[in-house]
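The values are calculated or read from the model by the stated rules, or taken from the named source; none is laboratory data. Just so we're clear, the structure is a prediction, and the values are computed from it rather than from any experiment. Reconstructed Cβ throughout: ideal geometry from the backbone, glycine too, with neighbour counts over all protein chains shown. The protein model used for the area step is the full one, side chains on, heavy atoms only, and it has no ligands, DNA or RNA in it. Shrake-Rupley method; radii C 1.70, N 1.55, O 1.52, S 1.80 Å.
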Amino acid sequence: MTNLNLFVISCALLLCFGLNLNLIAQDEPITNQDVISLTKAGLDKSVIISKISSSKTKFDLSTDALIQLKQAGVADEVVSTMFKASSEDKQAEKPKRIKDELGNLFPRLKNSVVTVWSEFGQGSGFIISGDGLIVTNFHVIGPSRYVSVQFDELRKVEATILATNQERDIAVLWANIEAFPGAEAAKIVDTNSSIVVEEGERVMAIGSPLKQRKIMTTGVVSKVEARAIISDVNINPGNSGGPLFNSLGEVIGINTFTVGTRGPGVSGVVRVEQALQVITDARTKMNGLTAPSARLLPVEPKGEFPLDAIREVANEKKFNTDSYLFDVGKFTVTLITPRYKYRMATEVEREALKGRKDREKNSEIKGSFNPFQDFYGWAEYAGEYQPVLHIQVMPEIAETGGSLFGRLLVGGLTGVRLPAKVKFRADFYKMKLFCDDKEVEPIQPIKRAHMLNESNYLFNLKDATYSGFYTYPADAINSGCTAVRLEVSSEKNPDNPEIEKLKTKHIQRLALDFKPYFDSLQRTP
């Protein structure tokens with residue numbers, strides 16, 4: 001090999017080695033010393049800023065380091081760029097949260113969803129137009145005289161039922177959504193499209209299950225039928241009437257039912273096409289009606305009832321229920337406060353504990369069993385004991401006249417004792433609570449259905465009725481009321497209510513029960 005060839009090879013090796021060093025140098029982060037060197041080399045500040053912006057950085061921006069940069073003549077604009085680049089590098093190092101497309105759509109789509117209230121409970125619904133048309137399930141409202149829609153924790157308004165189709169389980173309501181700033185109309189899928197959703201496509205349901213508001217659940221479509229969509233989206237009581245969105249954020253169905261009693265089961269969704277004619281009927285009807293009021297209705301309070309005050313009642317040896325109960329005509333009324341509710345809920349445990357305490361008298365180990373010990377860790381369940389007053393009105397049960405006559409006759413002739421045939425004495429229709437002459441508006445008026453079929457050697461009860469379960473603010477009955485009365489109407493006499501004035505013991509009992517709550521707010525009712 002000639003000397004010339006050796007020289008060429010050496011030059012090539014050196015060149016490659018130099019390029020590799022340069023590449024390595026480019027991968028290394030730029031430091032304070034690099035910025036100082038570039039400044040002393042006389043490079044313009046715009047060139048140095050470009051270098052910083054295009055490089056990884058490892059700057060020391062402590063007070064001493066900044067003084068050193070200034071003494072070296074580094075321009076203020078360059079130092080500012082160093083701060084910005086350092087901050088961006090730190091942000092890039094943080095782990096990124098992972099969201100799929102539906103998760104990214106949720107903050108916007110939930111603004112089209114409302115909670116629907118009726119006398120028979122709650123469900124969900126969704127706004128489909130800027131003039132306030134809302135689609136839900138028919139079974140959410142049923143034959144209710146009262147319907148309202150709630151957008152968030154503070155805003156609830158009355159709603160008008162415009163059109164229904166019981167067979168398809170569809171109802172269209174009308175509400176004044178001017179009371180709901182931020183509300184949006186959901187986009188209904190183009191039903192003329194050949195594909196509104198595909199099997200295997202991810203979908204999202206939004207609704208108000210259980211005691212929650214605007215909860216998102218996602219799943220996958222497993223089957224698309226002519227009138228329904230089957231998926232594994234988790235649907236709970238309260239989800240009914242809410243929208244099912246496809247992966248593009250378009251409404252493709254109305255969440256209606258769950259199939260299966262064990263495990264999550266599968267969810268049945270009425271295809272949105274089933275609602276189109278009901279929506280058309282609703283628009284025709286609304287043309288001749290006055291728009292519903294935008295007046296805000298009472299809502300559940302945001303505060304919590306003090307848990308200590310509930311815990312105390314669990315261990316009270318004497319608990320007088322008379323101050324919570326009274327009769328109004330053919331109905332029994334119960335005033336239910338958080339303290340009363342918890343006392344009654346733990347009555348079974350309390351009775352069971354009596355037997356154990358009898359055995360503990362002769363035991364060396366005493367007091368080792370406390371059925372209420374889990375109370376200390378259940379703050380998350382505080383929603384069960386909200387600072388509200390429930391008034392329950394239950395029809396009384398009595399033996400029918402024919403039954404009594406028959407039993408006396410057969411017993412007198414044969415000595416055989418027949419079971420008494422008993423019935424509900426009335427059917428609840430509505431109630432009104434008055435503080436003096438002013439009616440107290442309920443947060444929620446609920447009618448509960450009761451269907452009983454019980455028989456034994458003492459009685460035979462086969463009957464169905466409604467009871468009332470109205471929710472009122474904690475200060476509905478307060479010291480400012482000179483007189484408090486309750487009016488209860490039956491279905492037989494809806495316009496002639498039974499009237500009962502609350503006794504002093506009832507009013508004082510409510511004041512004592514809610515005192516811990518108002519003390520926590522530092523105010524008087």
Does at least one position in the stretch 292-300 carry a residue that is out of contact with any Phe, Trp or Tyr (no Cβ under 8 Å at 6 or more places or on another chain), at pLDDT 90 or above, over 30 Å from P516 (Cβ atoms) and not charged (D, E, K, R)?
yes
Log entry, pairs with first residue in the stretch 384-410 being open to solvent by 40 Å² or more (accessible area, probe 1.4 Å), second being modelled with pLDDT under 80 and assigned to a strand (DSSP E or B), beta carbons closer than 6 Å, six or more apart or on different chains, reads E399/A420
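Conditions tested, residue by residue: (1) within 19 Å of E439 (Cβ to Cβ); (2) outside any helix (DSSP H, G or I); (3) small (G, A, S).
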residue: N453; (1), (2), (3): no, yes, no
residue: D463; (1), (2), (3): no, yes, no
residue: I477; (1), (2), (3): yes, yes, no
residue: S489; (1), (2), (3): yes, yes, yes
residue: P494; (1), (2), (3): yes, yes, no
residue: A511; (1), (2), (3): no, no, yes
residue: P516; (1), (2), (3): no, no, no
residue: D519; (1), (2), (3): no, no, no
Whichever residue in the stretch 247-272 is part of a strand (DSSP E or B) and open to solvent by 30 Å² or more (accessible area, probe 1.4 Å) and, among such residues, is modelled with the lowest pLDDT
V259
Just a yes or no: is a residue in the stretch 433-452 closer than 28 Å to Y342 by Cβ, open to solvent by 40 Å² or more (accessible area, probe 1.4 Å), basic (K, R) and in contact with a Phe, Trp or Tyr (Cβ under 8 Å, 6 or more places away or on another chain)?
yes
Output the residues belonging to the stretch 324-343 that are more than 26 Å from the chain's Cα centre (by Cα) and either among the aromatic types (F, W, Y) or open to solvent by less than 10 Å² (accessible area, probe 1.4 Å) (or both).
Y324, F326, V328, F331, V333
Based on this model, can you work out whether D152 counts as open to solvent by 20 Å² or more (accessible area, probe 1.4 Å), closer than 21 Å to G249 by Cβ, modelled with pLDDT under 95 and not β-branched (V, I, T)?
yes
Please go through the stretch 132-146 and give me each residue that is open to solvent by 10 Å² or more (accessible area, probe 1.4 Å) and touching a helix residue (DSSP H, G or I) at 6+ places or on another chain (Cβ under 7 Å), ordered by number.
none
Output for the stretch 198-239, where each listed residue is closer than 22 Å to N104 by Cβ, open to solvent by 50 Å² or more (accessible area, probe 1.4 Å), under 11 Å from the mean Cα position of the chain (by Cα) and in contact (Cβ under 8 Å) with a residue 40 or more places away in the chain:
R213, M216
Among the candidates T284, T321, T337, T332, residue that is polar (S, T, N, Q) and within 30 Å of E250 (Cα to Cα):
T284
Could you tell me whether any residue of the stretch 487-494 is touching a Gly at 6+ places or on another chain (Cβ under 9 Å) and of a type in the set (G, A, S)?
yes
Picking from N239, N234, N192, N176, which residue would you name as being among the polar types (S, T, N, Q) and within 19 Å of K285 (Cβ to Cβ)?
N176
What number of residues within the stretch 474-507 are open to solvent by 40 Å² or more (accessible area, probe 1.4 Å), of a type in the set (V, I, T) and modelled with pLDDT of 95 or more?
1
Does S129 satisfy the condition of being of a type outside the set (A, V, I, L, M) and buried (at least 23 other Cβ atoms within 10 Å of the Cβ)?
no
Here is a list of conditions, (1) at pLDDT below 95; (2) buried (at least 17 other Cβ atoms within 10 Å of the Cβ); (3) closer than 20 Å to G249 by Cα; (4) not polar (S, T, N, Q), and I195 meets all of them except one; can you say which number that is?
(2)
Restricting the search to the stretch 48-64, which residues are out of contact with any helix residue (DSSP H, G or I) (no Cβ under 6 Å at 6 or more places or on another chain) and in a helix (DSSP H, G or I)?
S50, K51, S53, T63, D64
For the stretch 99-126, name all the residues that are in a loop (DSSP other than H, G, I, E, B), open to solvent by 10 Å² or more (accessible area, probe 1.4 Å) and either within 30 Å of R448 (Cβ to Cβ) or aliphatic (A, V, I, L, M) (or both).
F120
Meets criteria (assigned to a helix (DSSP H, G or I), modelled with pLDDT of 90 or more and not polar (S, T, N, Q)) for R311:
no
Being among the small types (G, A, S) and touching a strand residue (DSSP E or B) at 6+ places or on another chain (Cβ under 8 Å) is the filter here; which residues of the stretch 174-196 pass it?
A175, A179, A183, A185, A186
